[in-house]
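Notes to accompany the following structure.
The values are calculated or read from the model by the stated rules, or taken from the named source; none is laboratory data. Worth saying up front: this structure is predicted, and the values here are computed from it rather than measured. All Cβ positions, glycine included, derive from the backbone under ideal geometry; neighbour counts span all protein chains shown. Side chains included, ligands, DNA and RNA excluded: accessible areas come from the protein's heavy atoms. Shrake-Rupley method; radii C 1.70, N 1.55, O 1.52, S 1.80 Å.
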Amino acid sequence: MPGAGKSTAGRHLAHALGVAFVDADHVIEQRLGCSIRSFFEREGEAAFRDIEQQVIADIVAQPPQVIATGGGAVLREANRQSLREGSTVVYLRASPEELFRRLRHDTQRPLLQVADPLRKLRELFRDRDPLYRETAHFIIETGRPSVATLINMVLMQLELAGLVDPQRVPSSVLPRAPRT
């Protein structure tokens, strides 16, 4: 969902894992040579979703990295399938009310430039939450933790699933050995 923390958490998670961070929307804008917003307005949603689908398929085929997708990526079955089969998907789940609290002053998200943004977030959540759940390998209830706490929550899930070596990515919750 917009405001869930995909880009912020993604950058920090990538750093903790020692891999690259890729923002799918940024890659799309590079390919388009313009903003998603202007392309969307000029060409329409279907044309945008076609490009998004190709970009996601290309990104998932790359070496391990942390990927943040646009919130609407799950609307296409092909994207859900690419993401689920080609990566480990973590759904950062937050209530519409929490998302509204985070985004209430945001003027850059076209979907929320409406008379009642909270209502719009509730509609998006109602429509997309089942798709996010279908796609996700892990669901992290975000609430209001710090970024560091959120990253530790994700790392713990990945470690428990055997996807992260705890010797390579030590938990920041545990005390560090004293320096000598």
Burial-style ranking of 59-65, 97-103, 138-144, average other-beta-carbon count within 10 Å with highest first, yields 97-103, 138-144, 59-65
Regression test value, accessible area per residue of the chain, probe 1.4 Å, units Å², expected 59
For the chain, the helices passing both cut-offs (Cα extent along own axis of 18 Å or more, Kyte-Doolittle mean at least -0.5, full DSSP H runs) are 45-60, 147-160
Per the rule of 0.36 nm per residue minus the C-alpha distance, extending residue 78 to residue 148 adds in nm 22.0 nm
Per residue convex hull volume, Cα only, the range 27-102, in Å³ is 115
One computes Rg over Rh for the range 97-162 from alpha-carbon atoms, with the Kirkwood Rh, and obtains 1.05
Here the Kirkwood hydrodynamic radius of the range 1-42, Cα-based and in Å, equals 11.7
Sorted largest first, the C-alpha extents of the range 6-163 along its principal axes in whole angstrom are 44, 34, 25
Output row, site residue 40, 7 Å Cα→C-beta label point, backbone N cut-off 11 Å, window the range 70-105, residues 70-73
Computed over the range 60-113, the Cα gyration tensor eigenvalues, each multiplied by 5 and square-rooted, give semi-axes in Å (largest first) of 26, 12, 11
Which residues qualify? For residue 23, with a placed amide H closer than 5 Å and at least 5 residues away or on another chain, they are 68
